[in-house]
Amino acid sequence: MDRNYFNSNVENAPDEKIIKETTIIYDGPAGKIVVPHTPDSSAYWGTNTDWWYSSEESDDSGFRCSREDVPTILYFPALVTDTDRESHPKLSSFGVISMDKRLYDERTKNLFERSEEGNRKETEYLPAPLRKLISAAWKTLAPGQKEYLHTFGQVPRYNFDLSEDSPLSKDELSFEAREMLWRLRQIHHDSFQEEERISKLMEDYPDLCQDKDVMVEAMIWKGDKVFVHLPDNLRADKSLILSLVYPGRSAENLERLMNAVPESLRADRDFIAKAREKSKHIMKFASDELRSDLGFNRHLNHLEHLLGDSLNDRLTVDFAVSRDGTNLQYASEEYRKDKNIVSDAGQNNYGQGLQYAHPDLLDDKDVIMAAVFKHGPALKYASERLKADKDVVGTAIHQRYYEYRNSGDIAPIECASESLRGDKEFMLEILKLNPVETLRHATKELLADKEFALAAIAGSSDVLGYFSEALRDDEEIVLPVIEKNGIALEHASKRLQSNKGMATTAVTADFKALKFVDKSLLEDRDILLAAIENLNQESVERRLGDVVEILPKQALSDPGILHGLFNRVAEHSSSKRYKDMETVLLSRMHNNPLFYGSIMTTSLTEARDYLAKCYKLDVSANDAPIAGPKVR
């Protein structure tokens, strides 16, 4: 009898009868997996375990494992280490027993229940000795036998997809590796005690921690939280470390990783050179010798983390600053006062390097002109004197609007001095470049100037809302605007919104201006008919529902106005969208009192004709033919 499997109380090997009444699924160095089919075989294999039926005097009525749909599978891992034996002083057989949907663990006396979906909870995984047994058996079992253990033996499937960049093959993945990676994925990112749980997990799989491919897959999911627990040989593997260094990682973010890297790699020129191509912050963790090495750092795009000769060399500083001006913050005071270097800093990266220049150079017109010529908002770093300089501010403003808006920066005119933003002559000149941005930052005094306002509305119909209240009540200012842009009526004074002439002009330009007409005019049929008559094609074809919503309720009760709307839509009967337009419009008529007592029409033609006949409208000359959409 092999004492690695059975308790010393079991002295005899199984006889021929027991062998015949037992299916041995696996028998190897890692242990045994057996299925007893009778009470006697069950009693034999279960001797000195906590298997519920292990009495030598068996009772058939208590033996359920003979049922084909509920087989009993007993696992006996080999206890080959002192730790294994100390963990199980009572047993040399490892009494983990599967029956029905239960898994019994001798170590903890826990009975685990499967979920309805057949999955375990994340804390429910196989004990190490049992895992090793199943992992060994998995290499020899046929697919049908594996499925049998999955179905009846409570062996977890651990289903998941490997990462796209994984060096592993799912078909060749060992059971133990599959379980380890599955457990790792169950540890939620930033969950409570995440790192502690990863550390415990790595301790549970010491052999897998030596497998580079498995650890690469693990690090794809958990990064340096896994790396710090790797053995020394893998923590010295350059390719593994480089896989965890990527653009965007901050120095603080890299600290845990680099603290786990052997000291020798910090002085490895080849490794540091490759790593800093991915993240400039890697230089923080390089040896002082490399950080000071002039030859090693001469053509770097960044100065952060450099020391000694590297940071004091003019060519090195000039090279880095000319590519990213913010490097100026790491340069010495001598270079921050250097006009040529500061000028280079201001001409890239949106001029942000200027904030680190010596104040005297921020009052240098040549330096600031060079910067704002490349990026207008760099004006914000200029001295107050230069912010009031028309040449400098004019050059900054001439930068195209979308360039600085896309960078998330402020408008150059916003940086100009208040005196310049109130200079009528200067502001009239830049109105041509960007009326909206110019008016947004003009002074209150200038926005109350009628001559300035007239010049502004000549260039844009979207600026009425910026002017003073008095100018928005001036017909000479408001009328030209709403003739081009009817919805600008929103910004006109209440007096002009209630003016019939203004309202008619606005709705003629844009139907949506009805939303801003004073309520007192919404019963005026002339205004409503003018709005309907001038509906543009987009409003009819794509926004007809909105048109009906904008019309006041009383308008929809006026047969003449409603007939005019039907007629306007009819002009677009050749449109591909006509059926949609017809459906939208007729759906709004279901509860309209004008159609009470009639059979609800199914076409726009019928609805229009019904209104003309029922309400005796004289519209024969105005009716547009409704021929229906063209069929392609």
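A few points about this structure:
- Protein-only accessible surface order, largest first, of SER287, SER520, SER557 at 1.4 Å: SER520, SER557, SER287
- Region 303-401, Cα convex hull volume normalised per residue, Å³: 75
- A Förster radius of 35 Å combined with the Cβ-Cβ distance from SER520 to LYS390 puts the calculated FRET efficiency at roughly 0.10.
- Cβ-based charge dipole, region 410-523, positive-most Cα from LEU521, THR505, HIS441: LEU521
- Each residue of region 162-170 was assigned a 3J(HN,Hα) from its phi angle through the Karplus curve 6.51 cos²θ - 1.76 cosθ + 1.60 (θ = phi - 60°); the sequence is 6, 5, 4, 8, 5, x, 8, 10, 4 Hz, with glycine and proline shown as x.
- Note on ARG323 and ARG577: the extension gain reaches 86.0 nm, defined as 0.36 nm multiplied by sequence separation minus the Cα-Cα distance.
- Evaluated with a Cβ-only charge set (Lys, Arg +1; Asp, Glu -1), region 306-384 carries a dipole of roughly 280 debye about its Cα centre, given to the nearest 20.
- Gain on full extension, evaluated as 0.36 nm per residue between LYS17 and ASP309 minus their Cα-Cα distance, stands at 96.5 nm.
- A cut-off of 5 Å between modelled amide H atoms, ignoring neighbours fewer than 5 places along the same chain, links ILE25 with ILE33, VAL34, VAL35.
- J(HN,Hα) series, region 29-37, from Karplus relation 6.51 cos²θ - 1.76 cosθ + 1.60, nearest Hz, glycine and proline x: x, 7, x, 10, 10, 10, 10, x, 10
- ³J(HN,Hα), Karplus 6.51/-1.76/1.60, whole Hz, each residue of region 367-384, x for Gly, Pro: 5, 6, 4, 5, 6, 6, 5, 7, 8, x, x, 4, 4, 5, 8, 6, 5, 4
- Filter on LYS390/LYS424; LYS444/LYS500; LYS365/LYS390; LYS337/LYS380 - keep pairs with C-alpha separation over 23 Å: LYS444/LYS500
- Amide H contacts of ALA388: SER417, each under 5 Å away and 5 or more positions distant or on a separate chain (H built 1.01 Å from N in the peptide plane; Pro and chain starts excluded).
- The slack in the chain from GLU252 to LYS200, taken as 0.36 nm per residue of separation less the alpha-carbon distance, amounts to 16.3 nm.
- Nearest-0.05 FRET efficiency for LYS278 and GLU538, computed from C-beta distance (R0 41 Å): 0.25
The values are calculated or read from the model by the stated rules, or taken from the named source; none is laboratory data. Everything numeric here is computed off the predicted structure, so don't read it as measured data. Here Cβ is always computed from backbone atoms with ideal geometry, including for glycine, and neighbour counts include all displayed protein chains. The accessibility values were calculated without ligands, DNA or RNA, using every heavy atom of the protein model including side chains. Shrake-Rupley method; radii C 1.70, N 1.55, O 1.52, S 1.80 Å.
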